[in-house]
1. Identify all lysines with a Cα-Cα distance to Lys232 below 18 Å; exclude those on the same chain that are fewer than 8 residues away in sequence.
2. Can you tell me the length gained on complete extension of the stretch Leu201 to Arg279, counting 0.36 nm per residue apart and subtracting the Cα distance?
3. For a quick check of understanding: with a 1.4 angstrom probe and all protein chains in place, what accessible area in square angstrom does Arg128 have, to the nearest ten?
4. When the dipole is taken about the Cα centre of segment 13-86, and only Lys, Arg (+1) and Asp, Glu (-1) are charged at their Cβ, what size is it in debye, to the nearest 20?
5. Starting from the Cα gyration tensor of segment 81-212, take the square roots of the eigenvalues, sort them a ≥ b ≥ c, and report rounded, prolate or oblate (rounded when a/c is under 1.5, otherwise prolate if a/b is larger than b/c, else oblate).
6. Between Ser230 and Asn138, how high is the FRET efficiency from 1/(1 + (r/R0)^6) when r is the Cβ-Cβ distance and R₀ = 25 Å? Nearest 0.05.
7. If you take the beta carbon distance between Asp258 and Arg167 as r and set R0 to 25 Å, what does 1/(1 + (r/R0)^6) give as a FRET efficiency, to the nearest 0.05?
8. Counting pairwise Cα distances across segment 2-109, what percent come out greater than 18 angstrom?
Amino acid sequence: MEASAAAAAARTLRWAGRAGHLGGFPRAVVFAAVGAFAKAYASLLNTTTVHNADALLRLVSARPPGTPLLTVSNHMSTVDDPLMWGFKGFPTSDAKLGRWVLTAEDICFRNVVMSYVFRLGKCVPITRGGGIYQEHMNEALDVLVNGGWLHSFPEGKIAQDDQPIRRLKWGTASLIVRAPITPIVLPIVHSGFEKVMPENLFFGRRPPVPLCGKKIDIIVGEPIEFDMASLKQEAAMVPHDPSSVRKGWPTITPDGLDEAVQRWLYQKMSDKIQSVMERLRKKLLNLKQH
């Protein structure tokens with residue numbers, strides 16, 4: 001097991017994601033290239049409409065110092081990120097302002113070369129089935145602790161059918177609870193990327209490059225408020241089933257939140273985020289019809 005862990009650590013190359021790696025030059029190059037790619041596909045080769053973009057722009061570039069930002073969105077394709085940041089007026093190529101994003105380790109970190117490039121692109125690998133307390137989630141937490149911007153796809157996987165927002169994984173809620181300063185949680189919903197990169201175009205495969213001539217719609221919501229002190233107090237008073245299966249989660253300090261309390265919090269908060277995202281999805285559908 002130690003050998004496999006060492007191999008995984010070597011493959012995911014955390015050191016390459018540090019801002020000071022080679023003076024920041026490789027990261028700047030990757031952001032410039034990926035930013036140009038995103039701008040080309042979102043602003044030139046496809047038609048993108050963004051509603052309430054100012055809310056995102058303001059929080060990315062001018063939120064209070066030390067305040068973390070956590071954006072959450074639905075997941076329609078493998079190119080949602082970076083293309084969703086390629087709309088006109090967004091600083092897509094700015095490596096300093098750019099988001100960190102949770103990415104599937106089995107897709108983006110399959111070998112050393114891919115790991116190096118995605119690390120430079122501020123991607124945090126997440127191991128499917130690894131749980132919310134896997135080591136990589138601690139990396140994501142570090143982004144919030146340092147007042148950075150983290151993007152998450154809390155549904156956990158791609159869904160290209162036009163259906164309601166699915167039940168969210170608890171990882172996003174766990175990061176909010178564990179962050180020493182509660183992040184600003186900003187919901188985003190989009191549609192159209194499933195046409196830019198369909199999962200089953202050629203014999204059940206994705207196209208080799210994103211498609212052109214499609215319409216992309218993005219709506220940015222307003223920050224979701226979480227009164228963590230009240231939520232923790234309420235969670236501590238809720239009766240818990242002693243027979244429920246435990247996973248051995250660590251107690252969160254300094255509040256002393258045991259696993260039962262955490263489960264209640266994560267479910268409650270995930271339900272709220274899901275509800276807000278679903279209302280946003282319906283609003284976007286209504287805007288597209290007018």
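1. Within the straight-line cut-off, Lys232 pairs with Lys268, Lys272.
2. 25.1 nm
3. The accessible area of Arg128 comes to roughly 130 Å².
4. The dipole magnitude comes to about 280 debye.
5. Verdict is rounded for segment 81-212.
6. 0.40
7. Computed FRET efficiency for Asp258 and Arg167: 0.60.
8. The proportion of pairs with Cα distances above 18 Å equals 59 percent.
The values are calculated or read from the model by the stated rules, or taken from the named source; none is laboratory data. Everything numeric here is computed off the predicted structure, so don't read it as measured data. Positions of Cβ are generated from backbone atoms using ideal geometry, with glycine treated the same way; all protein chains shown enter the neighbour counts. Note: areas computed on protein heavy atoms with side chains; ligands, DNA, RNA excluded. Shrake-Rupley method; radii C 1.70, N 1.55, O 1.52, S 1.80 Å.
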